[in-house]
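Please treat every number below as a calculation from the coordinates, not as lab data. As the structure is a computational prediction, the values presented were derived from the model and not from experiment. Cβ sites come from the backbone with ideal geometry, for glycine too, and all protein chains shown count toward neighbours.
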Amino acid sequence: MLRKTRTKLYREKTNFEILQKLDTYFLEKKNKFGHCYNYINLSKLECFDINFLEYDFGIIIAFLESISKNPNFKIEWLEHPTVKEWIESPTVKKYNYFCWNKLINHKNFKIEWVDKYPDKDWNWEDISSSPNFQIEWVDKYPDKKWDISSNPNFQIEWVDKYPDKKWYWEAITQSKNITLEFIKNNPHYPWKY
C-alpha cells in the first residue's frame, strides 16, 4: 500500500503542495529508515527541482547523497546558495553526505565539471574508468594519476601515445577492444594472459 500511494503521488506534477503531502504521509507511516530516507527517491526524480532544497533538511541530505543518480543533474545546481552552504558545512563533511567523486558516476559526467572545480579532491583513477572518458583529458591533465588501462573504451593506440603512463597489461589483455588476432600480430607488447 505504501509503495502504491507513493508511486501515485510521484506521478502527479511535483510541486511544494505534493512535497507537503509526501512529508505528512511519511511522517504518519514512520518506517524504520526514518523520514530522510524517503526523500532519496524524490531527489532522483526527473521532475526534481533544485528549489525544493529550500523546503526541507531531509531533501538537502538526500539530494547530496544521491546527486549522481538524478538524470537531470546540472553542474550549475552546485552554485545554488543552499547547496553551496551545505557542501561546505561541517555536518555534511563529517558524515560524508557529499563527495565530489559521486559526480564521476553520473551518466553525463564531463571534464568541464573538473575544470569548474579544480581545487576539489577528484579521484583520477575513477575518472579514467568513466564511460565518458576522452583520451584528450590526459593531455589536459598530464600530471594526474591516470589508470586508463581498464577504461571500457580502451584503445591500444593510447599505449603508443602515452608510453610513460603505468599500464596494467592484464586489464588491457582482457579489454573488449583487443582480439586474439591483434595479440598474435603484436607480440612486442607485454601481454598478460
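A few remarks follow.
- Cross-link pairs exceeding 18 Å between alpha carbons, from the set LYS140/LYS165; LYS93/LYS144; LYS74/LYS140: LYS93/LYS144; LYS74/LYS140.
- Nitroxide proxy distance, nm - points 7 Å out along Cα→Cβ at GLU85 and LYS145: 3.6
- Theoretical FRET efficiency, 1/(1+(r/R0)^6), r = Cβ-Cβ of ASN177 and GLU112, R0 22 Å, to 0.05: 0.25
- Region 119-163 residues near the modelled ASN186 label - backbone nitrogen below 16 Å, point 7 Å along Cα→Cβ: 135, 148-163
- Cα centre as origin, Lys/Arg/Asp/Glu Cβ charges: region 70-193 dipole, Debye: 320
- Cα-projected label distance for GLN134 with TYR168, points at 7 Å along beta-carbon direction, nm: 2.5
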